[in-house]
1. Of all helices (runs of 4 or more DSSP H) completely enclosed by the stretch 54-168, which ones contain at least 1 residues that are at pLDDT 95 or above, among the basic types (Lys, Arg) and under 21 Å from the mean Cα position of the chain (by Cα)?
2. Give me the pairs: first residue in the stretch 169-198 and in the same structural domain as residue 50 (by TED's automatic domain parsing), second residue near the ligand (Cβ under 9 Å from one of its atoms) and among the polar types (S, T, N, Q), beta-carbon distance under 6 Å, and six or more apart or on different chains, which are they?
3. If you scan the stretch 190-233, which residues turn out to be over 29 Å from residue 45 (Cα atoms), at pLDDT 85 or above and charged (D, E, K, R)?
4. If you go through the stretch 290-300 one residue at a time, how many are within 21 Å of the chain's Cα centre (by Cα) and either open to solvent by 10 Å² or more (accessible area, probe 1.4 Å) or on the phi > 0 side of the Ramachandran plot (or both)?
5. Can we say residue 170 is touching a Pro at 6+ places or on another chain (Cβ under 6 Å), open to solvent by less than 10 Å² (accessible area, probe 1.4 Å) and hydrophobic (A, V, I, L, M, F, W, C)?
6. Among (1) part of a helix (DSSP H, G or I); (2) closer than 19 Å to residue 192 by Cα; (3) touching a residue at least 24 places away in the same chain (Cβ under 8 Å), there is one condition residue 251 misses while meeting the rest; what is its number?
7. Working only within the stretch 17-38, note down all residues that are assigned to a helix (DSSP H, G or I) and surrounded by fewer than 17 Cβ atoms within 10 Å (Cβ to Cβ).
Amino acid sequence: MMPQRFRMLPPSAAPLVPHDIMAGLLGWRVGRETLETLRQKLQVRFKVRHVFFSTSGRAGLSAGLQALRALNPERDEVLLPAFTSFSVPSAVVNAGLKISLYDLHPETLTPDLASLEKSLNSRTLCVVACHLFGYPLDLRSLREMCRQHGAQLFDDAAQAMGASINGKLAGTMGDVGLFSLSRGKNMTAVDGGIVLTDRDDVAEGLTALVPEPVGFNTKHVIESLMLLAMLRPRAYWLPASLPFLNIGVSIFDPVFRVESLDHWRAGLAGSVLQRLDALNDGRRKVAASLLSRLDKLDEVCAIRPLPQAEPVFLRLPLLPQKGAWPHGRVPEIPELGVVRSYPLALQDIATLKPHIVGSGSCPVSALLANNLLTLPTHSFVEDADMMAMTAVLKEIFKKADNIADWLPGCSRHTIMENKV
Ligand SMILES: *Cc1c(COP(=O)(O)O)cnc(C)c1O
């Protein structure tokens, strides 16, 4: 057996199995029909009229935004949560649009509708809602608010494929929706995106995602094989230690091509889709166990799903009960896949600033960027790992029980007061 020190949990993992590789190979052999089969499976599963595929989630988001823009040429602002994946603003800038921001509630990561409504205006093309960490949002009131302002709703379920609330599936609650097939999402085809819509006019505008004939790309096969091998806890230290792989890093990069998915990845996706429910069930079990353990820790506060929600727990986010961590340091434990989330609120990304309109401040998003810690929920997480996670967290607070040592970060009360 390998020494324990080589064991390292990836922060997120939707593992591939050898059968997926075979399906990728078959997909490549069969060609165009592979995309068609996958499209039909998704139309049935998500009860949606139109399904398109893209080379990445951000490419799908960009294509969807461009389709909405073509229908509303006088509107060019896209409202984003100030705390989300940097892929989201990357897509907006790629689509040639401007960004406006809204804040979130710290307890639930749901949109702060008061902050959001202030930024809605006659230039707002659409609002993007993100079901972060697989916690589904109930988008009914937001949808109504959008309608009143003539704006569209983009249901970004890149982190919540399979989640639902009040019987409504994440990704299908807006004018157009998105899933991501990137590494670290609910299910993966190494990379890829899925765009869904019930609207014929939006579907007609998604021309960039109409499949073109594509050749065989050896790189895709090698990447798939690496992913198959490398996510395992005894192998993950290797890719994790290679900084040029940028593993787990969210970057703002608006330069990418918007194209349809290739047949290899469509084949992979079709195979992995059959395991989506099992992957999500597994994450729910780990999350339930983590939540009950965290309940016993007074110093931290796990983010809870909304009532009526069927979350898929891509990761388990938590905050320090007092609003800031001892000494202002987020206690990451890389060996256990315990890592921070997005390190900056969107308003604080320097290269994004020229693209942001409006001056709405989003203090909760900044606080989340500074303090949110996330625990892994994937199938490689074992009982002993969870025990180790809670033990480390407990230890951090025990060592810092002199409150005077804490940095004067804002308490949860200050957050609430600052918000409205
Ligand atoms: C991952 C993600 C996307 C799409 O990202 P890609 O890496 O380009 O697939 C979009 N929105 C959110 C919220 C995401 O987490």
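The values are calculated or read from the model by the stated rules, or taken from the named source; none is laboratory data. Just so it is clear, the structure is predicted and the values come from calculations on it, not from any experiment. Cβ sites come from the backbone with ideal geometry, for glycine too, and all protein chains shown count toward neighbours. Calculation scope for accessible area: heavy atoms of the full protein, side chains included, ligands and nucleic acids excluded. Shrake-Rupley method; radii C 1.70, N 1.55, O 1.52, S 1.80 Å.
1. 57-71, 140-148
2. That search, which allows pairs on different chains as well, returns 191/56; 191/182; 193/54; 193/56; 193/180.
3. Selection gives 219 alone.
4. Selection size over the stretch 290-300: 1.
5. Numbers: touching a Pro at 6+ places or on another chain (Cβ under 6 Å): yes; open to solvent by less than 10 Å² (accessible area, probe 1.4 Å): yes; hydrophobic (A, V, I, L, M, F, W, C): yes.
Spelling it out, residue 170 is indeed touching a Pro at 6+ places or on another chain (Cβ under 6 Å), open to solvent by less than 10 Å² (accessible area, probe 1.4 Å) and hydrophobic (A, V, I, L, M, F, W, C).
6. (1)
7. Let us first name the residues in the stretch 17-38 that are assigned to a helix (DSSP H, G or I), namely 18-30, 33-38.
Residues satisfying the conditions are 18, 19, 22, 25, 26, 29, 30, 33, 36, 37.
Conditions (1) open to solvent by less than 10 Å² (accessible area, probe 1.4 Å); (2) within 9 Å of the ligand (Cβ to nearest atom), marked per residue:
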position	(1), (2)
48	no, no
51	yes, no
54	yes, yes
59	yes, yes
64	yes, no
72	no, no
75	no, no
88	yes, yes
